[in-house]
Amino acid sequence: SGFAQTNRFVYQVSMKADANNKNDIKTENAYLDISSDKSFFYSENRIKRDSIMKNAFKSGGGRGMNRDQMESLRSNISYSVEKDKIDQKIIFKDRLGRDNYSYEEDRSMSWKILTETTKIGEYKVQKAETDFAGRKWTAWFTTDLPYQDGPYKFTGLPGLIVKVEDATGDYSFDLMKNYKLDALPEPNQFGSTLKVKR
């Protein structure tokens, strides 16, 4: 319907990208855009870069591109995650050099929901744990919002994940804010996408 609303949840993502240098923490924002039938998770810088590139190509083949601005929008989140709620699929897309590739996530997430609750910001949250992709994750989810979703590939809890981090402290995703959008913006694809197995 014309009233279909998209909600954007802005997460701060912290990553220790370099295993040898644990003090080097990279932090940037990512968006979880949720509509009625799907959601997208991707880097904020990526969508900013995409719009600069789009405008530059419109205005003369990329000459109008501000290199410094593009450099400042570099992202450590090269991937996007699309969750299709209708057929319960999670599609992971990433870039390797010039190639885009995508696969369907085939590992299920089984959560252990604990009784512990607390408050994060304005939300009452409850604790849950899962082992996924070789890491142990702790999540805090809220039922104050009518969504069952989360950042990255995280899903399957009876609420929205407000915070999730792995046991080693290499990765954390923290909800910062949310607002409404008129429509679900799909991240730009430059070039074609190769479907692969995970």
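The values are calculated or read from the model by the stated rules, or taken from the named source; none is laboratory data. Just so it is clear, the structure is predicted and the values come from calculations on it, not from any experiment. Backbone-built Cβ (ideal geometry, glycine too); neighbour counts: all protein chains shown. Heads up: the accessible areas ignore ligands, DNA and RNA and are worked out on the full protein's heavy atoms, side chains in. Shrake-Rupley method; radii C 1.70, N 1.55, O 1.52, S 1.80 Å.
Cβ-Cβ contacts under 7 Å between residues 6 or more apart (or on different chains), taken from a first residue in segment 159-172 that is farther than 15 Å from Gly134 by Cα and free of Cβ contacts under 8 Å to residues at least 40 places away in the same chain to a second residue that is open to solvent by 40 Å² or more (accessible area, probe 1.4 Å) and in a loop (DSSP other than H, G, I, E, B), are listed as Gly159/Thr143; Gly159/Gln148.
For beta carbons closer than 7 Å, sequence separation of 6+ or different chains, a first residue in segment 114-132 that is touching a residue at least 24 places away in the same chain (Cβ under 8 Å) and a second that is part of a strand (DSSP E or B) and of a type in the set (S, T, N, Q), the qualifying pairs are Tyr123/Thr142; Val125/Thr117; Val125/Thr118; Val125/Thr142; Gln126/Thr117.
Kindly list the number of the only condition in (1) open to solvent by 50 Å² or more (accessible area, probe 1.4 Å); (2) under 27 Å from Ser14 (Cβ atoms); (3) at pLDDT 85 or above; (4) not β-branched (Val, Ile, Thr) that fails for Arg49. All conditions are met except number (3).
Hey, among Arg135, Arg107, Arg198, Arg98, which residue is open to solvent by 60 Å² or more (accessible area, probe 1.4 Å), within 27 Å of Asn23 (Cβ to Cβ) and of a type in the set (Lys, Arg)? Criteria check complete, one pass: Arg135. In segment 173-195, which residues are modelled with pLDDT of 90 or more and open to solvent by 20 Å² or more (accessible area, probe 1.4 Å)? Within segment 173-195, Asp174, Leu175, Met176, Lys177, Asn178, Tyr179, Lys180 meet the criteria. Tell me, yes or no, whether segment 27-38 has at least one residue that is free of Cβ contacts under 8 Å to residues at least 12 places away in the same chain, within 19 Å of Leu145 (Cα to Cα) and open to solvent by 30 Å² or more (accessible area, probe 1.4 Å). No, because not a single residue in segment 27-38 is free of Cβ contacts under 8 Å to residues at least 12 places away in the same chain, within 19 Å of Leu145 (Cα to Cα) and open to solvent by 30 Å² or more (accessible area, probe 1.4 Å). Checked against (1) within 18 Å of the chain's Cα centre (by Cα); (2) aliphatic (A, V, I, L, M); (3) open to solvent by 70 Å² or more (accessible area, probe 1.4 Å), Leu157 passes all but a single condition, namely (3).
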